[in-house]
Amino acid sequence: MSEGAAGNPTGAMMEAAFAHHGLAWRYVNMEVAAEALGDAVDGSRAMGFRGFNCSMPHKVAVIHHLDELAPSASVIGAVNCVVRDGQRLVGHNTDGEGFVRALRERLEVRGSRIVVLGAGGAARAIGVELSFAGAAEITVVNRDQVRGAALAELIAANTRAEWRPWVGDVFVPPGTDVLVNATSVGLYAPDDRPAVEIASLVNARLVADVVFNPVDTRLLRDAAAVGCETLDGLGMLVHQGAAAIERWVGVSPDRSVMREALASALTT
Ligand code: NDP
């Protein structure tokens, strides 16, 4: 373990799953500088790692060092999970898959109408996977036109999609199944929430947040107060981790054990 990598909640979650299933694998967090990324990937090959996760800022740059991309990672254009297949390193993206799996525990994704706030890395992964999962309509609301329009165009290959500029407070249209905050607003800021017209939140069946620190974001608190169902960011994080473990060791881990370990690591 290197400096800066101690006390990582994701590591605690993954190791809890290994321990629970009696698996003799280890999940070790390492801080890698941008200029050392290629050497780190080569090191993982040399040491026979089964695979690794990578977080920002490496999710795009790592692609250059891999042998192959799985289909959704290729469309999303980012990798958060690498799996060794023989001597080949294959890049996957389990972020959007994690969100969709968490959402499926609450409602039928196929045919749903979804408003995605944001068009950064998390929004891109979520938007693409929702379109693969058969969402009927996805509206991307983002401040930056270039990123917002590009994401809507990418999604439109599979489903009806449009970009809407973020002007003032976002109005959630009647008939919305899911409103998801995929921006970084609220991260480490329990009193902040994305600019949304609060009275219109009742138009969404479920309000989700990708932000997981704090878990109970201001958006989710406000949504619950007007009677919406809510889905916190831990669900996505747990399910993306579970999807990685499935790919690395072929075991479908117990999500409740992972969620408990994650929640406890976040509060200590
Ligand atoms: P990016 O930097 O790639 O994107 C950030 C997005 O937030 C952009 O679309 C940006 O809009 C938007 N944004 C930032 N500030 C504001 C604001 N004040 N008002 C409106 N929009 C704003 O970040 P990521 O996509 O990588 O991460 C976003 C969040 O997702 C983070 O909090 C991260 O922790 C979380 N995350 C959670 C995961 C989970 O498993 N739960 C997994 C991955 C990420 P613009 O383009 O206009 O600048």
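Quick notes on this structure:
- Filter result for Ala182 (under 16 Å from the mean Cα position of the chain (by Cα), of a type outside the set (Phe, Trp, Tyr) and within 13 Å of the ligand (Cβ to nearest atom)): yes
- Evaluation of Val167 against the conditions (1) more than 27 Å from Cys54 (Cβ to Cβ); (2) touching a residue at least 12 places away in the same chain (Cβ under 8 Å); (3) not charged (D, E, K, R) shows that the sole unmet condition is (2).
- Residue ID - surrounded by the fewest Cβ atoms within 10 Å (Cβ to Cβ), chosen from residues in the stretch 204-241 that are within 16 Å of the ligand (Cβ to nearest atom) and of a type in the set (Asp, Glu): Asp216
- Only one of the listed residues (Val238, Val249) is over 30 Å from Leu201 (Cβ atoms) and touching a residue at least 40 places away in the same chain (Cβ under 8 Å). That residue is Val249.
- Taking every residue in the stretch 1-19 that is under 14 Å from Val238 (Cα atoms) and at pLDDT below 95 and pairing it with any residue that is surrounded by fewer than 19 Cβ atoms within 10 Å (Cβ to Cβ) and of a type in the set (A, V, I, L, M), at least 6 positions away or on another chain, the pairs with Cβ-Cβ distances below 7 Å are Pro9/Ala265; Pro9/Leu266.
- Val167 in a loop (DSSP other than H, G, I, E, B) and either over 23 Å from Val109 (Cα atoms) or more than 10 Å from the ligand (Cβ to nearest atom) (or both): yes
- Applying a threshold of 7 Å to beta carbon distances and a minimum spacing of six or more residues, or different chains, the list of pairs starting in the stretch 133-148 at a residue that is over 13 Å from Asp177 (Cα atoms) and touching a residue at least 12 places away in the same chain (Cβ under 8 Å) and ending at one that is within 15 Å of the ligand (Cβ to nearest atom) and of a type in the set (Phe, Trp, Tyr) reads Val140/Trp163; Val141/Trp166; Asn142/Trp163; Asn142/Trp166; Arg143/Trp166; Gly148/Trp163.
- None of Ala135, Ala119 is within 12 Å of the ligand (Cβ to nearest atom) and part of a loop (DSSP other than H, G, I, E, B) except Ala119.
- Selection status of Arg221, over 21 Å from Ala122 (Cα atoms) and out of contact with any Leu (no Cβ under 6 Å at 6 or more places or on another chain): yes
- Looking across the stretch 86-128, the residues that are modelled with pLDDT of 95 or more and over 30 Å from Asn203 (Cα atoms) come down to Arg88, Leu89, Val90, Gly91, His92, Asn93.
- Number of the exception - Glu129 against (1) away from the ligand (no atom under 11 Å from the Cβ); (2) surrounded by fewer than 24 Cβ atoms within 10 Å (Cβ to Cβ); (3) of a type outside the set (A, V, I, L, M, F, W, C): (2)
The values are calculated or read from the model by the stated rules, or taken from the named source; none is laboratory data. A quick note: this is a predicted structure, and the numbers were derived from the prediction, not measured. Because the Cβ atoms are built from the backbone with ideal geometry, glycine has one as well, and the counts that use them run over all protein chains shown.
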